[in-house]
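The values are calculated or read from the model by the stated rules, or taken from the named source; none is laboratory data. These figures come from a predicted structure and were not determined experimentally. Cβ placement follows ideal geometry from the backbone for every residue including glycine, while neighbour counts extend to all protein chains displayed. Note: accessible area is taken over every heavy atom of the protein model, side chains too, but ligands, DNA and RNA are not part of it. Shrake-Rupley method; radii C 1.70, N 1.55, O 1.52, S 1.80 Å.
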Amino acid sequence: MATPPADRVYSQSHEWHKIEDDMVTLGLTQFAVDQLTDVTYAEMKKPGFAFKAGDIVGEVESVKTTSDIYCFVDGAIVETNKAVADDPSLLNSDPYGKGWLIKVKMSGKGKLGECVDAATYAKQHG
Amino acid sequence: MQKTPLFDFHTQHKGHMVDFAGWNMPLYYGTPTEGGGLTNEHMQVRKSGGIFDVSHMGRVKVSGRHARKFLERLCTRKIHDMAAGQCRYSLVCNEQGGVKDDIIVYRYDDDDFMLVVNASNREKILGHMEQVRTSAPGGELVCKIVDQTMDTSMVALQGPAIIPMIGKFSKEIPSLKKYRFAVKNLMIIKLTVSRTGYTGEDGVEVILPAGMTGLAMKFLLQDVDMSKADAMIKPAGLGARDTLRTEAGMPLYGHELGEEINALECGVDFAISLDKAEDGKGEAFVGYEALKKTAATGPARKLVGLMIEGKRAARQGATILQDGKTIGVVTSGCPSPTLGACIAMGFASRERANIGDAVEVDTGKGVLTAKVVAMPFYKAPKV
């Protein structure tokens, strides 16, 4: 597997977290979308939804399976990706770019310590 | 993990390989962006043609003096009235009438058969076969049971373009009726070609010697350039195989079939001959007495098809409700690529969930509205 982007951290449940000050962008890894197969539907919690690290922040539906999405920081959703809601296949075609899922205003680092860097993630899921 | 003789073919075509019953198999090939992926493969099979590696399935030869008698004991379906060159779908049951596996029986000659069994059940069925052979009511049966899974490979060519393509180099195969097969010699390679499949489309399944697989594939696909976007035939993985069979309303072991599921509940009554011991030629099969009892009162449940409203799919294990009461459970479900809506199969109480009824499905996270419909969900148009 190609190494995922180095500017973010990765959870064991295959979400990437890109942290810029107190803003966190969350998405799914290439490995995750490859396992899911073609994504047909993504439903994220609405902007304003506040949560603790490890809570479910949404769900994606693929032809093969349904999967929960987790976020590893504490915070609240400020934006969901409307383009993905309209065209869920963006998750398959560009999971690290146009296929991002939510932007979160972080209130605490929560379980970020459980996440790993890109090289470690690639080694674990190569 | 076992590799099939088509492993290199899978990697050449960017197969996304997964462990399936101990076999390294392609779930799908490539990515949706480059024209691959599950949905594209599914539609390719519906519109034109797909090639599936099904070598992981077990192939077991049964031959000898009591081969037929043995298979009558093993299979829920009649064997004695099969002609040479015929194949038949059958169940293998336990004494309680639960389903051990669903299989295809090929009859090559009077006392010469091949069984195709599910990969995940191969070892179990081989053990069961030996037990049935040695514990027959009239004494041990004389037949040879040989597992040929590793010596052979198997591919399924499915879709409306397949039979016309084969017609370019064979007259006999396009003339085969459904569930008939021919043994063909291709140069030095002996092929078994049957008009069977697990997609709801016309097509064939081919059993061939493992060592000759590459050569045979080259011949079969000689006019096909799979790198082209509009190729007549493209590789298709286990993901598409599952969604295609679900649309076709075909049961899958571990979902609609299992040891704890009564064979008469599975919607495959055509494959259960409950007059087998009485027609003078057959034999009572394992599970016969139990299923006779079930048939007398009727099975408690039935397999139903559901069309689900909205974009959310119902998956195996979701609860089926009617008028607020639990009446059943979902066994398979997916967004249907052909229909553009979510479909599901499941077991429901016999008296409930009649065709046309409104029901609900509780996924554990939400309740979906659904309607009971007749299966198959999709039927290929007649050519």
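Hey, residue A:40 hits all of (1) touching an Asp or Glu at 6+ places or on another chain (Cβ under 7 Å); (2) of a type outside the set (Lys, Arg); (3) assigned to a loop (DSSP other than H, G, I, E, B) but one; which does it fall short on?
(3)
Residue pairs, Cβ under 7 Å, 6 or more apart or interchain, first in the stretch B:112-131 and open to solvent by 30 Å² or more (accessible area, probe 1.4 Å), second modelled with pLDDT of 95 or more and part of a helix (DSSP H, G or I). List them.
Every condition considered, the pairs that remain are B:112/B:67.
Enumerate the strands (runs of 3 or more DSSP E) found wholly within the stretch B:298-337, keeping only those where 3 or more residues are open to solvent by less than 20 Å² (accessible area, probe 1.4 Å), among the polar types (S, T, N, Q) and touching a strand residue (DSSP E or B) at 6+ places or on another chain (Cβ under 7 Å). Spell out how you get there, then give the answer.
Values: elements: B:301-308, B:319-322, B:325-336.
Answer list for the stretch B:298-337: B:325-336.
Restricting attention to helices (runs of 4 or more DSSP H) lying wholly within the stretch A:47-126, give those where 2 or more residues are touching a residue at least 24 places away in the same chain (Cβ under 8 Å) and more than 14 Å from every other protein chain (Cβ to nearest Cβ).
Answer list for the stretch A:47-126: A:118-124.
Across the stretch A:14-40, what is the number of residues that are surrounded by fewer than 20 Cβ atoms within 10 Å (Cβ to Cβ) and away from every other protein chain (no Cβ under 14 Å)?
Total meeting the criteria: 8.
Select from the stretch B:16-26 the residues that are surrounded by fewer than 23 Cβ atoms within 10 Å (Cβ to Cβ) and at negative phi and write down the one among them that is farthest from the other protein chains (Cβ to nearest Cβ).
This residue is B:23.
Looking at this structure, is residue B:148 of a type in the set (S, T, N, Q), free of Cβ contacts under 8 Å to residues at least 12 places away in the same chain, closer than 26 Å to residue B:76 by Cβ and in the same structural domain as residue B:92 (by TED's automatic domain parsing)?
No.
With the requirement that a residue be within 14 Å of chain A (Cβ to nearest Cβ), assigned to a strand (DSSP E or B) and under 22 Å from the mean Cα position of the chain (by Cα), what does the stretch B:338-353 give you?
Across the stretch B:338-353, the qualifying residues are B:342, B:343, B:344.
Hey, could you check the stretch A:90-107 for residues that are open to solvent by 50 Å² or more (accessible area, probe 1.4 Å) and polar (S, T, N, Q) and say which is nearest to residue A:16 (Cα to Cα)?
A:93
Yes or no: residue B:94 surrounded by fewer than 18 Cβ atoms within 10 Å (Cβ to Cβ) and assigned by TED's automatic domain parsing to the domain that holds residue B:23?
For residue B:94, the condition - surrounded by fewer than 18 Cβ atoms within 10 Å (Cβ to Cβ) and assigned by TED's automatic domain parsing to the domain that holds residue B:23 - is met.
Give just the number: which of (1) part of a loop (DSSP other than H, G, I, E, B); (2) of a type outside the set (A, V, I, L, M); (3) closer than 27 Å to residue B:198 by Cα; (4) within 14 Å of another protein chain (Cβ to nearest Cβ) does residue B:365 not satisfy?
With respect to (1) part of a loop (DSSP other than H, G, I, E, B); (2) of a type outside the set (A, V, I, L, M); (3) closer than 27 Å to residue B:198 by Cα; (4) within 14 Å of another protein chain (Cβ to nearest Cβ), residue B:365 is out only on (3).
Tell me the strands (runs of 3 or more DSSP E) entirely within the stretch B:155-271 that contain at least 3 residues that are buried (at least 16 other Cβ atoms within 10 Å of the Cβ), of a type in the set (Val, Ile, Thr) and touching a residue at least 40 places away in the same chain (Cβ under 8 Å).
B:203-209
Determine which member of the set B:357, B:362 is surrounded by 14 or more Cβ atoms within 10 Å (Cβ to Cβ), out of contact with any Lys or Arg (no Cβ under 8 Å at 6 or more places or on another chain), charged (D, E, K, R) and modelled with pLDDT of 95 or more. Give the steps one after another, and end with the answer.
Working: B:357 fails: out of contact with any Lys or Arg (no Cβ under 8 Å at 6 or more places or on another chain).
On inspection, the qualifying residue turns out to be B:362.
For (1) polar (S, T, N, Q); (2) within 14 Å of chain A (Cβ to nearest Cβ); (3) farther than 21 Å from residue B:35 by Cβ, each residue gets a yes or a no:
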site	(1), (2), (3)
B:227	yes, no, no
B:232	no, no, no
B:236	no, yes, no
B:240	no, yes, no
B:254	no, no, yes
B:259	no, no, yes
B:263	no, no, yes
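Is it fair to say residue B:92 is in contact with a Gly (Cβ under 9 Å, 6 or more places away or on another chain), touching a residue at least 12 places away in the same chain (Cβ under 8 Å), within 14 Å of chain A (Cβ to nearest Cβ) and at negative phi?
no
What number goes with the only condition from (1) surrounded by fewer than 22 Cβ atoms within 10 Å (Cβ to Cβ); (2) not small (Gly, Ala, Ser); (3) not in a helix (DSSP H, G or I) that residue B:292 does not pass?
(3)
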